[in-house]
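Worksheet for the structure shown next.
The values are calculated or read from the model by the stated rules, or taken from the named source; none is laboratory data. In this text the structure is predicted, and so the values were computed from the model without any measurement. Here the Cβ positions follow ideal geometry from the backbone for every residue, glycine too, while neighbour counts run over all protein chains shown. Only protein heavy atoms, including side chains, enter the accessible area calculation; ligands, DNA and RNA are left aside. Shrake-Rupley method; radii C 1.70, N 1.55, O 1.52, S 1.80 Å.
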Amino acid sequence: MKKIKKWKLFLLYPILGILILILIIIVYKLNQSTVILTENGIYKTLQVPIRSKFIDFNATLAGAADTPTFDDDFIEGPIVTYQKDNTISVDWYQNDEAHHKTYDSTIKNFTINTTLNLSLPEIKVPVTEITTTPDKIAFISDIHGDYEYMDALLKNLKVIDSLGNWSFGKNHLVIVGDMVDRGIKVSTVLWKIVQLSEQAELAGGMIHYLLGNHEQYVLRGNFSRVNPANLFAIQQMMSFKDAFSNKTYLGQWLRTRPVLLKIGTTLITHGGISPETATKKYSIKQINQAIWDYWNNKSIDENLKEIILGKTGVTQYRGYVKQNDKIKKSSKKEVEEILKVYNASHIIVGHTNVPTIEPLYNGQIYNINAIETSPQALLFENGIPKIMNTGVMKKEKTPQVYFRDFSFFKVNDLKMIALTIRNIVKLSSISHPY
């Protein structure tokens, strides 16, 4: 027994020595590090010097802040959560503090301040195959929380009027995913679409919202691409995962959105239909049902899981525009076979940035994600695709930041380290593909 104990000590001392050495190096490097914060005081990046270079750690993961301040018009939320006692909790962050109201679950409208009145339309499973095409179909995608751009774009397309109300009559607006993440007004964008959808239905028109890969990230609780200010504000009310859970209105609404839509002979999806997807010959109904089953934690076929979530799937595929080591660019023959499988004449996608909207593959495919490089949008009028000059472009806003040295004597710096470690563990627990 004594010999065993000696062996344990013989092994323990070197291990403890190595751990202490690692801890000393970490403390030494942190003491040399720089913290980058947004103009609001939100932690953005931790720069750790390694030799002549820096390693950047994304402190956005922490959701921490130094005496945060926000513009008067900043609002995160509302987050509408259905409680077990037949009440609705409404939470929002405004004027540098979290607010809360409780309503009866039967309400159809609610107010969170003197100017913002919202309705809660019944959440319905949308129609995803429409045989009768409207006179006009407008397509937008990849807004990423830029409400001002979306508002200007929809006004210039005559989809909404000067007051922001639906003015597109019996026509359709198709949103091709990725409305969330990055931008600072994701909640405003989503609530606007919900309200417009109700107005469109009353007018005999329709809004179709398709999930992109970023909606999938958000619904899985992945906050790594969320704007630092929004992440901080949400975490003052609840966890990010709870904010988009299936107990919330927007969480439920997004979980009923499809990944594939067909209007007439036009097929729409966020990333694209890959040759691998087409070869499996699943129907639009089967693919959409798979994503809905996935959100309800039901078992789905591995082939369908790849189609709704994987790199060759409908929300992630980029093969119409470019290729990499894993994904080959689609050939003309493959595109023709894809169209044949789905009895389609056109495919509309977003996802991959392109310099301009132009017909690809002899006009059979249009990628509409040129919003940062071109003032164009795609409109189908009487079944004929038209590339419109909208007069507005999405401008990426360069965030103002400031720098200071990391300090072990600042409580928020230590909190940022602790929260970042905790949240990295949370993210690592999310299964891949998302």
Handout entry: Equivalent ellipsoid, segment 71-228 (semi-axes from 5 times Cα gyration tensor eigenvalues, Å)
Key = 26, 19, 17
Exercise for the section: May I ask you to list the aspartates and glutamates whose Cα is less than 15 Å away from that of Lys285, ignoring any residue fewer than eight positions away on the same chain? Expected result: Glu129, Asp293, Asp301
Handout entry: Förster radius 35 Å - calculated FRET efficiency between Asn58 and Asn165, Cβ distance, rounded to 0.05
Key = 0.35
Completion exercise
Computed for segment 171-283: size of charge dipole around the Cα centre, +1 on C-beta of each Lys and Arg, -1 on C-beta of each Asp and Glu, debye to nearest 20, value 220
Practice task
Give me the percent of the accessible area of the chain that comes from carbon and sulfur atoms, probe 1.4 Å, all protein chains in place.
Solution key: 55
Fill in the blank from the handout: Sorted by chain and number, the residues with a modelled amide H under 5 Å from that of Leu261, at a separation of 5 or more or across chains, are Ile268
Completion exercise
Between Asp301 and Asn95, the two model label points (7 Å from Cα along the beta-carbon direction) sit apart by a distance in nm of 5.6
Problem - Contour minus Cα-Cα distance for Ile15 and Gln32 (0.36 nm per residue) - result: 3.5 nm
Practice task
Report the far tail of the P(r) of segment 137-244, meaning the percent of Cα-Cα pairs longer than 19 Å.
Solution key: 43
Handout entry: Cα gyration tensor category, rounded, prolate or oblate, for segment 1-156 with a/c compared to 1.5
Key = prolate
Completion exercise
Here the equivalent ellipsoid of segment 226-324, derived from its Cα gyration tensor, has semi-axes (largest first, whole Å) of 29, 17, 13
Fill in the blank from the handout: Taking Cα pairs closer than 8 Å and at least 6 residues apart, the relative contact order of segment 226-286 in percent is 15
Practice task
Could you tell me what percent of the DSSP beta bridges with both partners in the chain are antiparallel, to the nearest 5?
Solution key: 75
Practice task
Would you mind computing, in nm to one decimal, how far apart the modelled labels at Lys386 and Ile50 are, each placed 7 Å from Cα along Cα→Cβ?
Solution key: 5.4
Handout entry: Total lysine pairs whose alpha carbons fall under 14 Å of each other in segment 298-367 (8 or more apart, or interchain)
Key = 6
Exercise for the section: Once you have the Kirkwood Rh of segment 293-434 from its Cα pairs, apply Stokes-Einstein at 37 °C and 0.692 mPa s and quote D in µm²/s. Expected result: 169
Exercise for the section: Please get the size of the charge dipole for the chain, origin at its Cα centre, with Cβ charges of +1 on Lys and Arg and -1 on Asp and Glu, quoted in debye to the nearest 20. Expected result: 2180
Exercise for the section: List the relative contact order of the chain as a percent without decimals, with contacts defined as Cα pairs under 8 Å and 6+ residues apart. Expected result: 18
Practice task
Would you kindly compute the Cα radius of gyration of the chain and its largest Cα-Cα separation (Dmax), both in Å?
Solution key: 24.4, 89
Exercise for the section: Using the Cα centre as the reference, give the magnitude of the dipole from point charges on the C-beta atoms of segment 233-292 (Lys, Arg: +1; Asp, Glu: -1; all else neutral), rounded to the nearest 20 debye. Expected result: 180
Problem - Percent of Cα pairs exceeding the 23 Å cut-off, where the set is segment 25-114 - result: 48
Handout entry: Gain on full stretching of the segment that runs from Ile327 to Met393 - 0.36 nm per residue minus C-alpha separation
Key = 20.8 nm
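Going by accessible area, probe 1.4 Å, with all protein chains left in place, what is the ranking of Arg257, Arg404, largest first?
Arg404, Arg257
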Fill in the blank from the handout: Per the Cα gyration tensor, segment 182-244 corresponds to an equivalent ellipsoid with semi-axes, largest first in Å, of 26, 13, 10
Handout entry: Length added when fully stretched, Leu427-Glu122, from 0.36 nm per residue minus Cα-Cα
Key = 106.6 nm
Completion exercise
The answer for the chain, accessible area per residue at 1.4 Å probe in Å², is 50
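For the chain, list the DSSP H helices whose alpha carbon atoms reach 24 Å or more along the long axis and whose average Kyte-Doolittle value is 1.0 or above?
2-31
Once R0 is set to 60 Å, what does the formula 1/(1 + (r/R0)^6) return for the Cβ-Cβ distance between Asp135 and Lys410, expressed as a FRET efficiency to the nearest 0.05?
0.50
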Practice task
Sort the following peptides by mean Cβ neighbour count (other Cβ atoms within 10 Å, averaged over residues), highest first: 192-199, 134-141.
Solution key: 134-141, 192-199
